[in-house]
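Everything below concerns the one structure shown next.
Read the figures in this text as sums done on the coordinates, not as results from a lab. Treat the numbers as computed from the prediction; the structure is a model and nothing was measured. In this analysis, Cβ positions are derived from the backbone assuming ideal geometry, glycine residues included, and neighbour counts consider all displayed protein chains.
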Amino acid sequence: MHLADRALAGHPDAKAALETALLDLDGQVAGQPIWHLLGGHKPVPVDLSMSIANPDWAQDIDLMDRAYEAGLRLFKFKGGFADHAFDVMRVKAARDRFPQARLRLDYNQGLSSETALRDVPKLDDLGLDFIEQPVTARDWQTMADLTARLKTPLLADESVFDPLDLDLGISRRIACGASIKIAKSGGPGRGLAMIKQARAADWSVYGGDMFETGISHLAGLHMITAAGGVDLGCEFYHANWHVNRDVLAEPFPGTGKTLTAPSAPGLGLPVDEGYIRHTATDHQALK
Ligand SMILES: [Mg+2]
């Protein structure tokens, strides 16, 4: 991975795939799951969160009904794509309909500084677990201002890609927690280092992803397991709830309330290699 960094700046998502493949090979050779290679002691259940982002509220209610029925208790709304009233309506409606659910709101950088300073404080009494990245990645001043003003914790996502971002974000108090993703950090080993860095600063940690499939869900889950879990759960739900057909040969283990990493060697679940060959755009490279 040091060679990869010297060969190419950035591209953490490609490096995450590379580090995942290397860890899987290491695990296959050593007969150990990746979480054990990374220093984990035992599998731990990790709470599963689902992101709610459909402009069609009726479709989202239907999805949440099914997820809640399956045991899922964490829902993260994507906000800021419509108006403030729509975001508040969805949170309040979900609170009434799903009394045991814990709710979060993620703006994906969607607000201007002025709008964020005006509207986000109005959410402070809704009992949200956290409010994520209301403004653009480098608008650390607004993040810090909101963190100081709100009792609801702010979570940094796009503001913190790598350990240097996290270090600066912590020192400037831009949030109370971070979303850590293998596709931002450059792999499970590097993400694990960031989880430890966040914890050392008393920051909360959320296991984020980039709308992924089963292989990278597994990599993220091994990372979190090696850390002994994370306090805000993870969002590795796409393989079972969104993709038409996953790239794993077996269903990703987790349709209910929690996910638990497998203990078989490497990633721990077989990949559907025939399906990957079928969907590859460069078949020559896979021969
Ligand atoms: Mg986010």
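Structure notes:
- Each Lys and Arg adds +1 at its Cβ and each Asp and Glu adds -1 at its Cβ; summed about the Cα centre, the range 2-286 shows a dipole of about 600 debye.
- Equivalent-ellipsoid semi-axes of the range 37-80, from the Cα gyration tensor, Å, largest first: 29, 13, 6
- Set the Cα radius of gyration of the range 26-158 against 2.2 N^0.38 Å, with N its number of residues, and you get 1.26.
- About its Cα centre, the range 62-131 has a charge dipole of approximately 180 debye under the convention of +1 per Lys or Arg Cβ and -1 per Asp or Glu Cβ, with nothing else charged.
- Furthest towards positive pole of dipole, His242, His217, Leu37, structure part the chain, Cβ charges: Leu37
- Short to long, the 10 Å bins of the Cα pair-distance histogram for the range 2-286 hold 7, 28, 34, 23, 7, 0 percent of all pairs.
- Filtered chymotrypsin sites (Phe, Trp or Tyr not before Pro), the range 70-177: DSSP coil and at most 14 other beta carbons within 10 Å: Phe81
- For the chain, DSSP calls about 10 percent of its internal beta bridges antiparallel.
- Over the range 1-94, the reciprocal of the mean inverse Cα-Cα separation, the Kirkwood hydrodynamic radius, stands at 17.2 Å.
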